[in-house]
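Below is one structure, written out as structure tokens; comments come after it.
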Amino acid sequence: MSEKLWLKGRVIPQSILFPMIIFLIAACAKDASTGNELKLNDKEYFESRGFEILVFENQYTGMFFDEKTAGIMLIHHGVRTATGGAVRLKPTPEQWDQIPKVVERKVDRENNSIDILLRYNDFNFDSWIHVQPQGNGILFSVTLDQPLPEKLIGRTGFNLEFLPSAYFEKNYTMDGKTGVFPLYPTGPMEVKPAATQIRQFAGHSTYDDRGRAEYVEPKPIAIGRTLVLAPEDPERRIRIQSQDGDLMLFDGRNVAQNGWFVVRSLIPASQTGKVIEWFLIPNTIPNWTRPPMIAYSQVGYHPDQEKVAVIELDKSDIPLVKAALLKLGDNGKWIEKYNGEVKEWGQYLRYHYLRFDFSAIRDTGLYVIQYGNQKTGSFQIGTHVYDNVWQSTLDVWFPVQMDHMFVNEAYRVWHGAAHLDDARQAPVNHQHFDGYRMGSSTETKYKPGEHIPGLNIGGWFDAGDYDIRTGSHCGTVRHLVNTWEYFGIQRDETLVDQQQRYVDIHHPDGKPDILQQIEQGTLALIAQHRAFGRAIAGIIEPNLHQYHHLGDGSTMTDNLVYNPKLKKYELDGFSSGTPDDRWAFTNRIPWNNYSSMAALAAASRALRGYHDKLADECITAAQRAWIDEHNQPEISDSLTIRFRGSGEIEAALQLYITTKDKKYADRFNELIWPALENMLMWSIQSAAQAVPFMDTDYQEKLVPFVRQYKAANDEMLAQNPFGVPIIIRGWAGNGYVIAWAVTNYLLHKAYPEIIGPEYTYRGLDYIYGCHPSSNVSFVSGVGVHSKKIAYGNNRADFTFIAGGVVPGILFLKPDFPENKEDWPFLWAENEYVIDICAEYIFLANAVRDLIKE
Ligand SMILES: [Ca+2]
Ligand SMILES: [Ca+2]
Ligand SMILES: [Ca+2]
């Protein structure tokens, strides 16, 4: 029997299908593991032991378009190896290429199948995808009610994208001919006229054609009917057979470093009905069970702190009752120090959890945890383990993020002085691809496109995309000021020369680094007040082809101010005809302006005695902006109402702390109590921050809220086995965990009888490895095993920036926790951002302070 015949299985009546399947499983015995059939489970995905298919459980959100977390996905032996299964309009769609909209998702339990109706509105084009298991394989088909629209002929196909890092150093076969998956993309490519390009997001282009009116597209690296990915690897082997059309294998990295290996079949012209049919057979290892994942802190533990490892088990795994702690002896042998009970926690999302408490062990030394026949990596118990954990974030990570500066480290230049041509007034009525938005007026004295002097100073790249985002700058400056005021960090390992725009890492200059970073952030914020008398939304590159810039930030623009009298790409030595200068988004956003006042008021205290002139300017600007903002007509959009309050609370508090003017305290009191009533979790950090500056009435009035917060804290251990607030929707939630741990520290300092120190430790343990999915430390370079591949602006090199903190575990619906350690490009998992890194420095120092208690 030919493959073609049996692929028609879907239309064959059930009565004769079964014997056929038996025959076929036998025919494909090398790929089959009998008795492991795919079934639709309660959570609406197809599952067999070692293999799962999620069918549009995760949809394109539209926010950042194709995030490689939507469509049909494969989870193969516990690893998400394929994504983006859908009808697509390009061989290797980039982030901003058109994405289909899911119009309908039909889950048919009786027939064990899922059908998806996809639509491309631009082309009024609909297609159905049918997904149905047959035995241990799965059938994908695409059906059209109407033939392909003229414009989409030859460019529309069914795509499934495979994770390059899952197939690095592995082979494939196409119709029996072998090949090696390319480690680095090397073509072949095709040049096409720009006019034939399918419109990308909002008419932007990811491609800078330097005036050539063309674009490039990858050509297939293999073509045939039967593709086997990783035939030699039982964990990764996938066989795909196409019934009628060819399968093509593409390397998406030729056009975008974050591209995947794409398997694709083109939809034929002028046909309706079933136009594509694939049969995919995964190899599964018989009775495969995901190995236990033992979550613990890679940094180790202070002898006196709570020490709990969380053991994550496959649902087929049988829990053991005991685990052991082994200590390294002088002879290099591991000696059992403790053998204790493992406590059942229960099911959380897709895994089963146990907790192993070894708090009783206080001897300093090197340890491993043994559970069954698995030993973890080594970790320390010692009084010193937290001594250095925050330093690389301040010494290395923040300097590398410094915009408008040349950043050197020993023999290496991280980047030149960037964006010296900042910035032009952004145009009106403009929606930017990174969320910035201008209304009908610039709300400044500048005309659209006009150069605004004075903005090419200070700030940090935030983060992987190099923009100056005002909101995150405000948070960052405040966290750094807090760290300075609470812990007085004098560390000096970095030279910062603002006049020369020069930074040298590992080069003390007699000035505390944290003040130099506070100054760097403050310079960017004050520049906005100098130019506009208030904060603006931010500064970002105008072109999509600049936005995905990877490499030295100083090469994103030509560093010459735009001169409209010159032709595009023309230079006169002083100015440039290329409109690459960044745009200042100047729309008035009240909460942003309040956050800026809070940051400037706080910075003015820290900068006092270090840079008095700047300190004076900051507090004056903040007070003036406070008056201006209160004189502005109210803005009534819902976002403004929601965030205005939190910004104003911060501003009132910081202005009060700096000036001691009672009017700010009164306003703070007016706002904080309703905020605590309505949004306790979001307001209590500000309330806690205020305690040392308020009277005893305030302290007492806060008690019931602190008790309520404490109850919520204790509830967390019932919600998940880690006992920290885990956010399972949107970006990964390390930022929230860190903020929660910091809040607990502040409350512990004010109310030690209500809030113990354990929550603060627990938050940091989570960041250092005691979290779902893996036990990697989320701070690059901190802990024995940490993030070595992350979404810094050097991500194209599959590397990291020391001290950066990543967002962490992303939860794909309905139940899959993920943080890729071999693939840097998923920003929701791996992008370092400035405010999280700054608050992490505070948290690490807070834990050091707890130890002193
Ligand atoms: Ca950004
Ligand atoms: Ca210094
Ligand atoms: Ca320029």
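For Cα pairs less than 8 Å apart in space and 6+ apart in sequence, what is the mean separation divided by the residue count of segment 210-333, i.e. the relative contact order in percent? Walk me through the intermediate numbers first.
Numbers: 153 pairs, mean separation 22.7, N = 124.
About 18 percent, as a whole number.
Relative to the longest principal axis of the Cα atoms of the chain, the long axis of helix 734-750 makes an angle of roughly 30 degrees.
Against the chain, whose longest principal axis is taken from its Cα atoms, helix 513-532 shows a tilt of about 90°.
Once C-alpha pairs closer than 8 Å and six or more residues apart are averaged by separation and normalised to the residue number of segment 529-602, the relative contact order reads 40 percent.
In straight-distance terms, cross-link reach from Lys106 covers every one of the lysines whose alpha-carbon lies under 22 Å from its own, apart from those fewer than eight places away in the same chain; here that gives Lys8, Lys39, Lys43, Lys274, Lys813.
Nearest 10 degrees is fine. How inclined is helix 680-690 to the longest principal axis of the chain, computing both from alpha carbons? Its long axis makes an angle of about 30 degrees. Quick check on segment 728-771: take the gyration tensor over C-alpha atoms, sort the square-rooted eigenvalues as a ≥ b ≥ c, and tell me if it's rounded (a/c under 1.5), prolate or oblate. Here segment 728-771 falls in the prolate category.
A helix-only calculation puts the chain at -8500 deg cm²/dmol for mean residue ellipticity at 222 nm, using -39500 (n - 2.57) for each DSSP H run of at least four residues, averaged over all residues. In summary, the lysines within cross-link reach of Lys662, defined as a Cα separation below 22 angstrom excluding same-chain residues under 8 places away, comprise Lys701.
Summary value for the chain: 10 percent relative contact order, contacts being C-alpha pairs under 8 angstrom separated by 6+ residues. Spin-label model, Asp849 to Leu349: label points 7 Å out along the Cα-to-beta-carbon direction sit 3.2 nm apart. Less than 12 Å from a label point 7 Å out along the Cα-to-Cβ axis of Phe798: which backbone N atoms in segment 52-93 qualify, by residue? In segment 52-93, the label zone of Phe798 (backbone N under 12 Å from the point 7 Å along Cα→Cβ) covers no residue. Here Lys565 is the anchor, and the lysines within straight C-alpha reach of less than 21 Å, apart from those fewer than 8 places off in the same chain, are Lys447.
For Lys375, the shell of other residues with beta-carbons less than 14 Å away shows a net charge of +2, using +1 for Lys and Arg and -1 for Asp and Glu. Annotation: the residues Phe168, Phe125, Phe461, Phe398, sorted from fewest to most other C-beta atoms within 10 Å of their own C-beta, follow the order Phe168, Phe125, Phe461, Phe398.
If the limit is 21 Å between Cα atoms, which of Lys307/Lys852; Lys322/Lys787; Lys68/Lys820 go over it? Mind dumping the intermediate values first?
Details: Lys307/Lys852 18 Å; Lys322/Lys787 30 Å; Lys68/Lys820 12 Å.
As for pairs spanning more than 21 Å Cα to Cα, those are Lys322/Lys787.
Values in this text are rule-based calculations from the coordinates and carry no lab data. Note that the structure is predicted; figures quoted are calculated from it, not measured. Cβ sites come from the backbone with ideal geometry, for glycine too, and all protein chains shown count toward neighbours.
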